[in-house]
Amino acid sequence: SALAQTYADYAELGIAPDKVMASGGSAGGTLSLLVAREQGKDAADDDRSISPRPAALLLFNPAVGEHVLQVVGWGGPEQAAVNAQIEALDTPQPDEPPSIIFFGTEDHTFLKVASAYHRKARAQGIRCDLWVADQQRHGFFNGQPWHDATTRLADAFLADHQEGAAVGRD
């Protein structure tokens, strides 16, 4: 994977492998969550001693779970394995990296799923902070003042995570 290659080159790039995080908005948030759940290697020459998993997740209104399949379609039988991964995004895994999720109250469909995910993660003792912007739609963080606000919150989350903070706040 791209993260595995980045980790393999960490010394040359000046990267601390245990500090790499994944982030994305909407489908990019979904992809970040899928990367965090990656268990195998992509290429034959990937170094198996280096985990391709990110240390933390910054998820901006990620499209998660079965609702995604209702929107984009289930595909044919060849899509069964991919569909199962997407459906499973509704449920945190026991070893999920700490995350912060940003949503607007007007992003009704995905906010409901994200709120449920947040509750499930917290119940498992996984740090999962949920930050909701009042009266904002999908992608609200791309404009001001939300861009600056979410950047500050993401920075604070990462600083907390780096310092080994306890399970997060709401």
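Screening E106 on (1) at pLDDT 75 or above; (2) touching an Asp or Glu at 6+ places or on another chain (Cβ under 6 Å); (3) not aromatic (F, W, Y) shows it passes everything except condition (2).
Looking across the range 89-123 at every residue that is under 13 Å from V64 (Cβ atoms) and of a type in the set (A, V, I, L, M), the one that is surrounded by the fewest Cβ atoms within 10 Å (Cβ to Cβ) is identified as A116. Tell me, please, whether a residue that is at positive phi, surrounded by 14 or more Cβ atoms within 10 Å (Cβ to Cβ), part of a loop (DSSP other than H, G, I, E, B) and at pLDDT 90 or above can be found in the range 125-144. Yes: the range 125-144 contains one or more residues that are at positive phi, surrounded by 14 or more Cβ atoms within 10 Å (Cβ to Cβ), part of a loop (DSSP other than H, G, I, E, B) and at pLDDT 90 or above.
Only one of I86, I126 is in contact (Cβ under 8 Å) with a residue 24 or more places away in the chain, under 18 Å from V68 (Cα atoms) and aliphatic (A, V, I, L, M). Can you tell me which?
When all the criteria are applied, what remains is I86.
Being at pLDDT below 70 and open to solvent by 60 Å² or more (accessible area, probe 1.4 Å) is the filter here; which residues of the range 1-43 pass it? Within the range 1-43, A2, Q5, Q39, K41, D42 meet the criteria.
The values are calculated or read from the model by the stated rules, or taken from the named source; none is laboratory data. From a predicted model like this one, the values you see are computed outputs, not experimental measurements. Ideal geometry is used to build each Cβ from the backbone, glycine not excepted, and the neighbour counts take in all protein chains shown. Calculation scope for accessible area: heavy atoms of the full protein, side chains included, ligands and nucleic acids excluded. Shrake-Rupley method; radii C 1.70, N 1.55, O 1.52, S 1.80 Å.
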